[in-house]
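As structure tokens, the structure follows; a few thoughts come after it.
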Amino acid sequence: MLYYTLKFIISALLIVAISEVSKRYSLAAGILASLPAVSVLGMIWLYIDTSSIEKVSRLSINIFWMVLPSLSLFLLLPLLLKNKLPFYPALIISCLIMGIFYYAMILLLKKFGISG
């Protein structure tokens with residue numbers, strides 16, 4: 001139980017740090033948020049839980065491929081906001097389109113024989 005509490009606290013601290021830093025320094029928060037800290041923590045937790053280099057390797061490769069469709073959110077959201085769409089509708093639309101891009105990426109990877 002202590003292990004899960006530690007995982008929760010470390011993960012939550014990262015999110016809170018990004019949120020608080022962004023109030024004053026959006027570039028610094030952007031750098032912090034763009035670091036693959038969540039991915040690295042996920043790989044660490046996975047390795048601690050399974051001791052499997054193969055699972056960590058597969059996770060790393062899948063993270064690489066899934067970063068590409070996630071970039072659509074960071075391009076579309078500011079575009080929608082710049083065009084005066086309110087924040088929540090812009091966020092929802094951006095997330096939905098990102099979901100479509102994830103689905104398309106999964107289909108594309110399957111077509112080329114790359115599986116998770």
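Structure above, values below:
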{"quantity": "For the chain: relative contact order, % (alpha-carbon pairs under 8 angstrom, 6 or more apart)", "calculated": "18"}
{"quantity": "Listed residues PRO69, PRO86, PRO36, most fluctuating in the chain (Gaussian network, C-alpha, under 10 Å)", "calculated": "PRO86"}
{"quantity": "Karplus-derived 3J(HN,Hα), 6.51/-1.76/1.60, for each residue of the stretch 51-64, Hz, glycine and proline x", "calculated": "6, 9, 5, 4, 5, 5, 4, 4, 4, 4, 5, 5, 4, 3"}
{"quantity": "Loop sites in the stretch 1-87: chymotrypsin sites (Phe, Trp or Tyr not before Pro), DSSP, at most 12 other Cβ within 10 Å", "calculated": "TYR25"}
{"quantity": "Residues of type lysines that LYS7 reaches as a straight line, Cα spacing below 29 Å, ignoring anything fewer than 8 places off in the same chain", "calculated": "LYS23, LYS55"}
{"quantity": "³J(HN,Hα) computed for each position of the stretch 99-109 - Karplus, 6.51 cos²θ - 1.76 cosθ + 1.60, integer Hz, glycine/proline x", "calculated": "x, 5, 5, 4, 4, 4, 5, 4, 4, 4, 5"}
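Coordinate-derived values only; no laboratory data. Every value quoted in this text rests on a predicted model; they were computed, and no experiment measured them. Reconstructed Cβ throughout: ideal geometry from the backbone, glycine too, with neighbour counts over all protein chains shown.
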